[in-house]
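What follows draws every value from the coordinates through simple rules; no lab data is involved. Model, not experiment: these values are computed from the prediction. Note that each Cβ is placed from the backbone with ideal geometry, even for glycine, and that neighbours are counted across all protein chains shown.
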Number of protein chains: 2
Amino acid sequence: MKKLLFSLLLVSSIISVAQTEDEQMMKNIYDASLLNGKSYAWLDHLSNEIGGRLSGSENAEKAVRYTKTELQKLGLDKVWLQEVMVPKWVRGDKETAYIEADGEQIDVPICALGGSVATAKDGLKTQVVEVRNFDELRQLGRANIEGKIVFYNRPMQANLINTFQAYGGCVNQRYSGAVEAIKYGAAGVIVRSMNLRLDDLPHTGSMTYGDIPVEDRIPAAAISTKGAEKLSELLREGPDLQFYFRQSCEQFEDVPSFNVIGEITGSEFPKEYMVVGGHLDSWDLGDGSHDDGAGVVQSMEVVRLFKELGYKPKHSIRVVLFMNEENGLRGGRKYAEEAKANNEKHVFALESDAGGFTPRGFSFDGSDAAVAKVQSWKPLFEPYLIHYFVKGGSGADIGPLKDDDILLAGLRPDSQRYFDHHHAENDTFDAVNKRELELGAATMTALVYLIDKYGPKPEIKKPEIKG
Amino acid sequence: MKKLLFSLLLVSSIISVAQTEDEQMMKNIYDASLLNGKSYAWLDHLSNEIGGRLSGSENAEKAVRYTKTELQKLGLDKVWLQEVMVPKWVRGDKETAYIEADGEQIDVPICALGGSVATAKDGLKTQVVEVRNFDELRQLGRANIEGKIVFYNRPMQANLINTFQAYGGCVNQRYSGAVEAIKYGAAGVIVRSMNLRLDDLPHTGSMTYGDIPVEDRIPAAAISTKGAEKLSELLREGPDLQFYFRQSCEQFEDVPSFNVIGEITGSEFPKEYMVVGGHLDSWDLGDGSHDDGAGVVQSMEVVRLFKELGYKPKHSIRVVLFMNEENGLRGGRKYAEEAKANNEKHVFALESDAGGFTPRGFSFDGSDAAVAKVQSWKPLFEPYLIHYFVKGGSGADIGPLKDDDILLAGLRPDSQRYFDHHHAENDTFDAVNKRELELGAATMTALVYLIDKYGPKPEIKKPEIKG
């Protein structure tokens, strides 16, 4: 009995030391990020010295070189480029559009969707059919649609608390709007911007033509939310109004680009890999500060903080800056392919691609047991107001790594302002708050630290948390 | 046994209905605020049509009239003004300041602290002594301070997660800096702005002269954080530099103003009052959108939502828009005095005065049992990402209501950006996000609803929450 008691005391004292160590390490991580972080300065360069980084562009290549150089300065064990072929689409001249109603021309702000074809040189001018969804399109049928512009105007649902859910409920209009409208002979597509605010900024984003041959493709553009409201209002007054738009965008052959990768080789499990990443490419309208400059510099900060704090991870930790998330996901696919080809065992991957706003927690994609294990660490995060540990979704670039054994995670920042900026010209450096960005980087680092130390697998030991 | 089982089933079915009702009511509240709210339009008017609302100003009186009229439109049971005498301080001409070092003049942005005296007409120009705190001041003593400007330059601590804590660790420099410096014969005071960012905006705020006679008072101003860094750097290079500043602010006699009050009279406990409020006055540099236009319109929205949703509270609910929180707290004191004089039993008060950012939860000041009761409702708030229910602090204006029986609460929004704007010229409408404001209003309404329904007292029945 005494022996048992002694053992219990011993165990509980070990537990208490471990707990103090983790609490202290987490405080060191947050302090270092907030007091002496590099993420904001890196973002400043990416956003203000380089700017928008669409795949295949000169800026994207500048970003590859810059982040490679910066990672090399950190004294990691390896830094390299992983070549990947990416699509090259170019916006061309600034788009123009107007509504012609009652002999008046009312300019409205539009932008070509990424991957769209151009209009004819003189633009496209014709009647408009407004719909909320593909069912309405079907009901209207070819008789009402042929030769006209289909105007998708289903707004994001404002009463959803998670704005990504509201985005998910609308984005098929943008992604598949053209391919659906072509079925009924439409001449073009205008999509209400995926934006919860009413403002004058059109939001671009990816779209597909499916397997429709080049000659049958129709131009597709996004219109600002205020423009969409105006167009809808005028259509109610006079359904025969004409809409004009002109865009000169062009799709080129694929070009080579790169994922940028840095590694700290693990001290105990060098052949077990943990990935932390964001995507280096961005849309071209803003400078891609939130999407996804923030995720890039936060991921770089994770390995920088480990080096600064002298933490030597047991597993190999890779920061991966993926190319071409926005219009192809080629970088994410390439990384997963090579990992598989090289028989690299990946045990954990974390992506930050939801903006540089105040972090609230993480979403997870993995076994119930692995998620439950991470959820049991919640109390360690409480001092940092990190409370959200929910199963469901991770990040696009790390998705291709999914198998039965890996735990995938996505940083979940506050989502309320994200779609005010997403894919629009106001996704700029000034919209990112330094502290919020740094808190996100620290939160990611803390999770990677705990998973490295206690393992992503439920059977491996875990820290005891006070009640 | 069967009877017991039956009773248990009956109870559990009642509980389950109650739970569904509360969940439904909360969803209705959030939906109504996000889809059909009035808070943002009210704030637009307060900020853009009226503007900064310093106590005793014409704008403050306009805000009194506007909010009274708007409350009257809501069909409340009573709307009235409660007269209160307030201080009247006027900034006068825009302040100017420069550092004179090595024959060069470097302009720096300053603003007078609220309540400060003016400099001489031609300004004040003298040497500067930089300190971090009052201890350093004491150690330097009169010999090193007399006739000089004391420059308080202790920055907000960036590694504190709650920025209000960082503010609390610095604000004595602003509030008591002059009264302390006068002890050693200082000629003036310059205080580093309470701002976690480095920028060019000076942040004003209240200060005291204690019982120092008017003729012995010295002028006090805030300098922007970048200005403070510059001044500190130049002082290290040449401690004999001169600092010039000029301000023409003036304190007048107290003037009459008003708290604005609206009431829905309780159906069961009309003599038990619940207060929800914010403060109508603001500093004069911006338009007071976050501090505290947001709190004002969110409080108005609470009673508007009850009316819209047809909820008839059991307790009397008062929206109180307090005058003069910023430089006197006269409105808060007056309301509490009259409540006491009229023997009004106040059971609950909630203030929103921490900005219109994404709400995270509430802080509470009350008995452990009352706080525990509210904390047990946390699961009801989870779908809205409201997770913070912590004992400690409520709001300045409702503080004077404190007694043994009342539960006080403060809305706790995300605090990371608040001090970027606080008391500065960029506390403006465009810095408030519509959804974030509306989520705050809904969160307040939900809490008031639950407290009204289940009572703030632990002994009264409470909803059962699923595990």
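A few comments on the model shown:
- Rg to Rh quotient for the range B:286-360, alpha carbon positions, Kirkwood Rh: 1.00
- Here A:F357, B:F322, A:F389 are placed in order of increasing Cβ neighbour count within 10 Å, fewest first, which gives A:F389, A:F357, B:F322.
- Mean sequence separation of contacting Cα pairs (under 8 Å, at least six apart), scaled by the length of chain B, corresponds to a relative contact order of 21 percent.
- Of the residues B:C111, B:Q242, B:H290, the one whose Cα sits farthest toward the positive end of the charge dipole of the protein assembly as shown, with +1 on the Cβ of Lys and Arg and -1 on the Cβ of Asp and Glu, is B:H290.
- Under-5 Å amide H pairs with B:M194, H placed in peptide plane, nonlocal only: B:H203
- Interchain or long-range residues, amide H under 5 Å from A:A221's placed H: A:L113, A:V189, A:I190, A:V191
- Chain B: calculated mean residue ellipticity at 222 nm from DSSP helix runs of at least 4, using -39500 (n - 2.57): -11000 deg cm²/dmol
- Counting only other chain Cβ atoms within 10 Å of each residue's Cβ, the peptide A:377-384 averages 1.
- Computed from phi, the 3J(HN,Hα) profile of the range A:211-224 under the Karplus parametrisation 6.51, -1.76, 1.60 (θ = phi - 60°) reads 9, 6, x, 3, 5, 9, 6, 10, x, 9, 9, 9, 10, 4 Hz, with x in place of Gly and Pro.
- For the protein assembly as shown, the spread of Cα positions along each principal axis, largest first, Å: 85, 81, 62
- Order by protection proxy (mean Cβ within 10 Å, highest first), peptides B:125-136, A:424-435: A:424-435, B:125-136
- Applying the Karplus relation 6.51 cos²θ - 1.76 cosθ + 1.60 with θ = phi - 60° to the range A:97-111 yields 3J(HN,Hα) values of 7, 8, 9, 10, 9, 6, x, 9, 10, 10, 5, 9, x, 10, 8 Hz, where x marks Gly and Pro.
- Shape call, the range A:95-248: gyration tensor on alpha carbons, a/c limit 1.5: rounded
- Here the range A:28-90 and the range B:76-100 have alpha carbon centers that stand 48 Å from each other.
- Neighbours of A:V276 by Cβ distance under 14 Å: Lys/Arg scored +1, Asp/Glu scored -1, total -4.
- Residue-averaged beta-carbon neighbours from other chains (10 angstrom radius) around B:33-40: 2
- Partner chain coverage, peptide A:168-180 - average Cβ within 10 angstrom: 0
- One chain, two ends: B:S376 and B:A120. Fully extended at 0.36 nm per residue, the span grows by 86.3 nm beyond their Cα-Cα distance.
- Sum of side-chain charges, B:V303 neighbourhood, beta-carbon under 13 Å (Lys, Arg +1; Asp, Glu -1): +1
- Computed E for A:V90/A:S267 - FRET, C-beta separation, R0 35 angstrom, nearest 0.05: 0.15
- Phi to ³J(HN,Hα) by Karplus 6.51 cos²θ - 1.76 cosθ + 1.60 over the range B:395-400, Hz, x for Gly, Pro: x, 5, 5, 8, x, x
- Net charge contributed by nearby residues that have their C-beta within less than 9 Å of A:P359 (K/R +1, D/E -1): 0
- Of all aspartates and glutamates in the structure, the ones whose alpha carbon falls short of 18 Å from that of A:K345, not counting any fewer than 8 places away in one chain, are A:E263, A:E268, A:E272, A:E337, A:D365, A:D397, A:D403, A:D404, A:D405, A:D452, A:E459.
- Within a straight-line Cα-Cα reach of under 28 Å, A:K125 can be paired with the following lysines, leaving aside sequence neighbours fewer than 8 residues apart in one chain: A:K88, A:K94, A:K148, A:K183, A:K226, A:K230.
- Based on C-alpha pairs under 8 angstrom that are at least 6 apart in sequence, the range A:119-203 has a relative contact order of 33 percent.
- Here A:F348, A:F252, A:F381, B:F243 are placed in order of increasing Cβ neighbour count within 10 Å, fewest first, which gives A:F252, A:F381, B:F243, A:F348.
- Size descriptors for chain A (Cα atoms only): Rg and Dmax, in that order, 24.4, 96 Å.
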